[in-house]
1. Please count how many residues of region 147-186 are surrounded by 20 or more Cβ atoms within 10 Å (Cβ to Cβ) and charged (D, E, K, R).
2. For region 380-483, give me every one of the strands (runs of 3 or more DSSP E) that falls completely inside it and has 3 or more residues that are touching an Asp or Glu at 6+ places or on another chain (Cβ under 8 Å).
3. Could you run through region 249-260 and say how many residues are more than 16 Å from the ligand (Cβ to nearest atom) and buried (at least 24 other Cβ atoms within 10 Å of the Cβ)?
4. What residue, among those in region 102-113 that are more than 16 Å from the ligand (Cβ to nearest atom) and crowded, with 24+ Cβ neighbours inside 10 Å, is nearest to C262 (Cα to Cα)?
5. Cβ-Cβ distance below 7 Å, separation of 6 or more or different chains: which pairs start in region 62-79 with a residue that is closer than 25 Å to G290 by Cα and end on one that is within 16 Å of the ligand (Cβ to nearest atom) and open to solvent by 30 Å² or more (accessible area, probe 1.4 Å)?
6. How many residues are of a type in the set (K, R) and either modelled with pLDDT under 95 or surrounded by 16 or more Cβ atoms within 10 Å (Cβ to Cβ) (or both) when one looks only at region 375-390?
7. Which condition does K75 not pass, out of (1) over 15 Å from the mean Cα position of the chain (by Cα); (2) closer than 27 Å to A54 by Cα, if it passes all the others?
8. Just the residues that are assigned to a loop (DSSP other than H, G, I, E, B) and not acidic (D, E), please, taken from region 148-192.
Amino acid sequence: MGMRIEGRIRCRPAVGLRLGRTIVCRWLLVLALGAGLASADAVSPASSAEGWRAGVARAVITPQTGVWLAGYGSKRAPDGKLHDLWMKALALEDNAGHRVVLITSDFQGVPKAMSDQVFARIKQKYGIERRQVMFTFSHNHCGPRLGNDLVDYYPVEAAQVALVEAYTARMVTRCVSMVGEALSRLSPATLRIGQGETTFAVNRRNNRESEVPELLARGTPLKGPVDHSVPVMTVTHPDGKLAAVLFGYACHPTTLSFRTWCGDYPGFAQLALEQNHPGAVAMFVNTCGGDQNPLPRRSVELCRRYGQMLATAVEEVLADEERPLRPVTNGLSTAFEYTELPYLEVVSREKLLGLLEDSNAIRARWAARMLRRLQGGQAFAKTYPYPVHAWRLGREMLMIGMGAESVVDYALRFKREFGPGTWVCGYSDDMIAYIPSRRVWEEGGYEGGSYLYEYGRPAFRWSGDIEDQIAASVRRLVKQVRP
Ligand SMILES: [Zn+2]
């Protein structure tokens with residue numbers, strides 16, 4: 001989620017922003033892409049990249065009721081839309097019949113209570129197991145509230161609770177039917193991967209937001225770890241036509257904080273790609289942008305520009321003749337587990353009683369709710385079941401899926417550990433909280449310190465060894481899929 005905003009901040013675009021190396025002409029691009037496909041297929045007609053089947057589906061998720069916009073802890077009743085919000089599903093099947101379904105969405109935070117319903121119904125209806133499905137969300141702060149995500153974070157209004165519950169139930173049903181549509185459309189396809197770059201993500205822990213425009217204008221390097229890579233995967237039909245393009249970026253969709261439905265920068269990027277490639281579905285995953293912000297921000301103009309920068313980075317990968325997209329060989333292997341992430345200390349009844357009148361309204365609401373749970377006889381768990389995925393696609397691609405708001409250190413670490421073709425998708429399956437690395441935990445502050453109560457967890461901090469716990473889980477799973 002985003003740090004709460006005191007008042008409205010307006011930023012003019014910085015002079016030094018890069019728009020990408022080239023603006024690619026759509027028709028030249030289509031020609032280049034078509035030629036690239038034809039030559040690749042001609043060189044290796046019996047390529048082991050053959051045998052994939054893919055199916056794509058999508059659904060509009062823009063609320064039709066007064067569900068508030070999510071992510072800043074304030075009442076944000078919608079006042080209209082810039083464009084529709086979407087969820088999308090990509091089903092893949094290898095030549096041995098192994099299947100996966102990747103769901104991407106313009107949601108801000110999908111809670112476990114919601115995604116668990118989707119996973120259960122998908123298993124019941126289509127026989128797709130938990131390890132075969134990943135439910136990602138872009139963390140779009142101009143998307144709707146869902147279920148019991150961040151319940152203590154927002155002011156309480158009974159009518160709003162009912163609207164959010166009804167909307168969430170509709171989304172569960174629609175998501176399950178969308179997955180069914182993607183599976184029903186499985187047909188021969190080729191998968192290819194590549195990687196581009198764009199630079200608008202800024203490490204928000206290490207750079208003061210108000211200073212970023214001037215630093216960029218002066219060409220002063222910004223501080224702190226970032227991951228500016230843009231991983232790209234294409235799904236093409238046998239006739240060479242693009243069916244889907246999946247791409248990622250590590251950055252919070254927090255350019256905007258107004259009350260108008262839109263997908264923030266990933267929404268604009270997906271729209272641009274779908275306009276460039278009629279008939280194709282563009283899908284975005286947030287690759288561990290827990291501590292990254294699009295800066296400067298707070299104007300639709302900047303949001304549109306960042307979306308265009310990301311779309312341009314993808315287009316450059318599609319059109320790159322020197323480094324053409326690499327085909328993904330056939331073969332799919334999946335592993336999944338919950339790893340129990342320990343809290344540093346579970347909150348006590350005494351501590352909660354002392355917070356009932358706290359000047360921080362979120363903390364006071366949280367303390368009251370936690371006390372009601374204790375009074376209802378519920379004990380607090382000492383750990384949280386953290387979802388971790390590893391999917392191997394051929395010899396070329398490894399997708400790691402991690403729950404919640406993982407900071408960029410995780411993406412950098414796992415890409416280093418597992419090599420080229422590794423995607424590290426944060427914001428998978430469950431919103432939970434921020435997931436600091438050891439470094440960020442030691443530093444403390446917004447993403448690393450005593451903030452877990454904001455997410456409704458029964459504690460203030462994670463245990464300091466959560467990076468080790470998560471890394472051990474990822475290694476176990478990767479070993480299973482990459483023997
Ligand atoms: Zn966030």
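The values are calculated or read from the model by the stated rules, or taken from the named source; none is laboratory data. Computed from a predicted structure; not experimentally measured. Cβ atoms come from the backbone with ideal geometry, glycine included; neighbour counts cover every protein chain shown. Accessible surface areas use protein heavy atoms only, side chains included; no ligands, DNA or RNA. Shrake-Rupley method; radii C 1.70, N 1.55, O 1.52, S 1.80 Å.
1. Selection size over region 147-186: 2.
2. 383-393
3. Qualifying residue count for the region: 0.
4. In this case the residue turns out to be T104.
5. Final answer for the pair search is Y72/R4; Y72/I5; G73/R4; S74/R4.
6. Selection size over region 375-390: 0.
7. Against the list (1) over 15 Å from the mean Cα position of the chain (by Cα); (2) closer than 27 Å to A54 by Cα, K75 comes up short only on (2).
8. The answer is N148, L150, V151, Y153, Y154, P155, V156, R185, L186.
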